[in-house]
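Report on the following structure.
The values are calculated or read from the model by the stated rules, or taken from the named source; none is laboratory data. Predicted, not measured: the structure shown is a model, and the values here were computed from it. We place every Cβ from the backbone using ideal geometry, glycine too, and count neighbours over all the protein chains shown.
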Amino acid sequence: MRILMVGGGTAGHINPALAIADTIKHKHADAAILFVGVKGKMETSLVPAAGYPLKTVTVQGFQRRLSLKNIGRNVAAAYHAVTAGWEAERIIKEFSPDLAIGTGGYVCGPVLRQAARSGVPILLHESNALPGVTVKMLAKYAKALMIANDAARKHLPEGTRVVVTGNPLRRDFTAVDRHTARRELGVDERPLVLCFGGSLGARRLNEAVAGVLKHNQTAGKLQFIVGTGKGENHQRMQTLLKELGVSPDGVHVRVREYIDDMPRCMAAADLVISRCGAMTLSELPAMKKPAILIPSPYVAENHQFYNAMALADRGAAVCIEEKDLTDARLWDTIEKTALSPDSLARMGQAAGEVAVLDAHERIYAVVQEVLNI
């Protein structure tokens, strides 16, 4: 069995691809799996670290906003769209895959189109509630389009064969229990709120959380673990907390640059405040965690808002758009949620009802069907 995995640019595209590859390898130890990504992007470090070979093509996305600079960028993007097709053709001829699986990112465009022209069957996986442009364009080539959430179905081209599979998660997200996690973290009996904005952080979210920590320093009702994000966002947060007179490592709060033990921190938390990446919004239901979601307005097609509403509409989360975000509103929402056992229980139950814990097996079943194995 020879599988071509295509996707990249963000962890939300790379991690599902790695999880799918791991499942196939677990089922078929002799399977040959090759990843294709974009030169210089995140996949060039994550994929080899996971033990898989990677080939890269040079490709870039088109800019939708019209400006003199973006016209130049789009000319370059058009050029690379052609040359990436040639690079993809060479990779496909050399590897000779039995199946190509795309998980999103603009690298999928030229590579999967070339795979289709070469007669290679294609599967797509969309992790977001709002499918990306590339995925929608490629839907006509796919044997099936696997989606994480049924909310994505209405945004797909008519006639697309859709299979709801969920997002494949790291196994440690369902292996840690709350009691053990809280003991290991050394937190007390007060409700624990976990806040993070992704690996690079989110400036506006950090600013609102800083105000919340100031409120809580006086009230002392809650405890917080805060991931600020690396680099400039961490430095800005430290400065802001100092100006507000809030200790970044006291009895009420622990501020980290990066949360490298997310499964344990999420298991210990009573409430999570976060951006709305597709994988985070699959992890929360898997762990039955209530959430306050702040979608990033700076992502393609505002897809984080649609991710957030897929949980908010089910009563599993509260969504606050960034334009409406203030520390006072966030503090009020936290108090109403984290200090109400009934609210936490109701939201946690609603989150658990939308969780998909067998995504690996659902995706593998589609692979089996296409390859007739």
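Just checking, does the range 206-221 include any residue being at pLDDT below 95 and of a type in the set (Val, Ile, Thr)? Yes.
Counting only residues that are under 16 Å from residue 163 (Cβ atoms) and not hydroxyl-bearing (Ser, Thr, Tyr), the range 105-127 holds 6 of them. When residue 153 is tested against (1) assigned by TED's automatic domain parsing to the domain that holds residue 131; (2) assigned to a loop (DSSP other than H, G, I, E, B), only condition (2) is not met. Using the structure shown, decide if residue 357 is more than 24 Å from residue 215 (Cβ to Cβ) and in contact (Cβ under 8 Å) with a residue 12 or more places away in the chain. So residue 357 fits the description; yes. Do we find a residue being in contact (Cβ under 8 Å) with a residue 24 or more places away in the chain, surrounded by 23 or more Cβ atoms within 10 Å (Cβ to Cβ) and farther than 17 Å from residue 263 by Cα anywhere in the range 151-165? Checked the range 151-165: at least one residue is in contact (Cβ under 8 Å) with a residue 24 or more places away in the chain, surrounded by 23 or more Cβ atoms within 10 Å (Cβ to Cβ) and farther than 17 Å from residue 263 by Cα. Selection over the range 110-129 of residues that are surrounded by fewer than 23 Cβ atoms within 10 Å (Cβ to Cβ) and either out of contact with any strand residue (DSSP E or B) (no Cβ under 8 Å at 6 or more places or on another chain) or among the basic types (Lys, Arg) (or both) gives a count of 5.
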